[in-house]
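**Student:** Before we start, here is the structure in question, set down as structure tokens.
The values are calculated or read from the model by the stated rules, or taken from the named source; none is laboratory data. Computed from a predicted model, the values in this text were never measured in an experiment. Positions of Cβ are generated from backbone atoms using ideal geometry, with glycine treated the same way; all protein chains shown enter the neighbour counts.
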Amino acid sequence: MLKLRFVRPRLTPSILVLRYCSYSSSSSAAAVQAERTINEGPRNNWTREEIKSIYDSPILDLIFYGAKVHRHAHNFREVQQCTLLSIKTGGCSEDCAYCPQSSRYDTGLKAQKLMNKEAVLQKAKKAKEAGSTRFCMGAAWRDTVGRKTNFNQILEYVKEIRDMGMEVCCTLGMLEKQQALELKKAGLTAYNHNLDTSREYYPSIITTRSYDERLQTLQFVREAGINVCSGGIIGLGEAEEDRVGLLHTLATLPTHPESVPINALVAVKGTPLEDQKPVEIWEMIRMIATARMVMPNAMVRLSAGRVRFSIPEQALCFLAGANSIFTGEKLLTTPNNNFDADQLMFKMLGLIPKAPSFPHDEADDCHEVASSSG
Ligand code: SF4
């Protein structure tokens, strides 16, 4: 007998699809798995069915139990502010169907050279003054092979920004083992390389590099001792099953990523996905809460697409388990939330910025640098 019935929009907001749940109100999969996560801690042996059952739980249960796991694993008031800067924009050889920086699509974006050190450091300083604790530099490249000069320049940027007392992250495409080691030596905190979607749907979005190549880069990053930042994008035309598949891949990595960005597609004119419908807030919440439950210690980042969500909508995302955002005028090339509006939101919701965290032996050096530069 069906004990509970609820209604929620599927991928197309105008079409309401009745979903029947066989859980009682007190024992949804979200409730059962949240208790297990709290009692047993993070685990890597999730089955796809388990994750799907969490994802399919009634939305209010997802929010409630996402919040419960979040409060168990984190200070729920702390939200990490990261600033993402495109240091080398456009002209990318890859064919990622969502990306305005691919040279294969006519999006009106002009390819630029690598930004010089002075300009990058100035942006990092500004971001720090605005409260950002992590500075992420993105370059529109397939990989860094054959880019020795540019790569060495970026190593310099990493060192300098790290010395400013900020966490530093890069997203430069695929890495080789040696490059990961060099970035670690320069002081890189984290490397971002998103899986984007499920293994099954991936070939519909990118054909110029494989899912396994992406996983290989994540492995090199992990082995070099750099934190892994990896998540995906929803709204690419994928099925809900693909969203579950993405989370399953991430949650069954030998070590969970330290950061999991959840992006909502920002459809850009000229890309193959220009006509995709905007993602609904409930879809974001479902992804965030599920990610929170299956990777309890990760920073779950409410990323691209946030600009479309109101403060109450973002509040639901924070309640469900998001604890990181991108701040700054732009997210690589697409618009982001206004800085003042974000400060107002923090005040309104009682959120506080998360302090940067460094390995213990580095913390004192960093403090000294920060003090002496002030
Ligand atoms: S997402 Fe990255 S790799 Fe793909 S086209 Fe854009 S810049 Fe290139």
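**Student:** Cβ contacts < 8 Å: first residue within 21 Å of M299 (Cα to Cα) and modelled with pLDDT under 90, restricted to the range 124-144; second residue within 16 Å of the ligand (Cβ to nearest atom) and outside any loop (DSSP other than H, G, I, E, B), any location; separation 6+ or different chain. Result?
**Tutor:** A127/L85; R134/C169
**Student:** Looking for whichever is more than 30 Å from E274 (Cα to Cα) and assigned to a strand (DSSP E or B) here; the options are V69, V120, V79, V158. Which one fits?
**Tutor:** Only one candidate passes the filter, namely V79.
**Student:** Which ones in the range 82-98 are closer than 19 Å to E213 by Cα and in a strand (DSSP E or B)?
**Tutor:** C92
**Student:** Okay, moving on. May I ask you to list pairs of residues, at least six apart or on different chains, whose Cβ atoms are under 9 Å apart, with the first in the range 78-94 being closer than 13 Å to L114 by Cα and the second being away from the ligand (no atom under 13 Å from the Cβ) and of a type in the set (F, W, Y)?
**Tutor:** Matching pairs, first to second residue: L85/F135; I87/Y157.
**Student:** Do you know which residues across the range 123-155 are of a type in the set (G, A, S), assigned to a loop (DSSP other than H, G, I, E, B) and more than 16 Å from the ligand (Cβ to nearest atom)?
**Tutor:** A130, G131, S132
**Student:** Let me ask you something else. Step by step: first the residues of the range 97-117, then only those that are among the hydrophobic types (A, V, I, L, M, F, W, C), more than 17 Å from E274 (Cβ to Cβ) and out of contact with any helix residue (DSSP H, G or I) (no Cβ under 7 Å at 6 or more places or on another chain), then the one that is farthest from the ligand (Cβ to nearest atom). Which residue is that?
**Tutor:** Among them, the one singled out is M115.
**Student:** Residues of the range 145-168 being touching a residue at least 24 places away in the same chain (Cβ under 8 Å), of a type in the set (D, E, K, R) and surrounded by fewer than 20 Cβ atoms within 10 Å (Cβ to Cβ), which ones?
**Tutor:** Result: E156, K159, E160, D163.
Yes or no, residue by residue, for (1) small (G, A, S); (2) part of a helix (DSSP H, G or I):
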site: D212; (1), (2): no, yes
site: T217; (1), (2): no, yes
site: V221; (1), (2): no, yes
site: G225; (1), (2): yes, no
site: I233; (1), (2): no, no
site: G237; (1), (2): yes, no
site: V244; (1), (2): no, yes
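Let's see how each residue does on (1) more than 16 Å from the ligand (Cβ to nearest atom); (2) among the basic types (K, R); (3) at positive phi:
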site: D56; (1), (2), (3): yes, no, no
site: K68; (1), (2), (3): yes, yes, no
site: V79; (1), (2), (3): yes, no, no
site: D95; (1), (2), (3): no, no, no
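Listed here are the residues, each with its yes/no results for (1) closer than 18 Å to M174 by Cα; (2) hydroxyl-bearing (S, T, Y).
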{"position": "S57", "(1), (2)": "no, yes"}
{"position": "D61", "(1), (2)": "no, no"}
{"position": "F64", "(1), (2)": "no, no"}
{"position": "A73", "(1), (2)": "no, no"}
{"position": "V79", "(1), (2)": "no, no"}
{"position": "C82", "(1), (2)": "no, no"}
{"position": "S93", "(1), (2)": "yes, yes"}
{"position": "C96", "(1), (2)": "yes, no"}
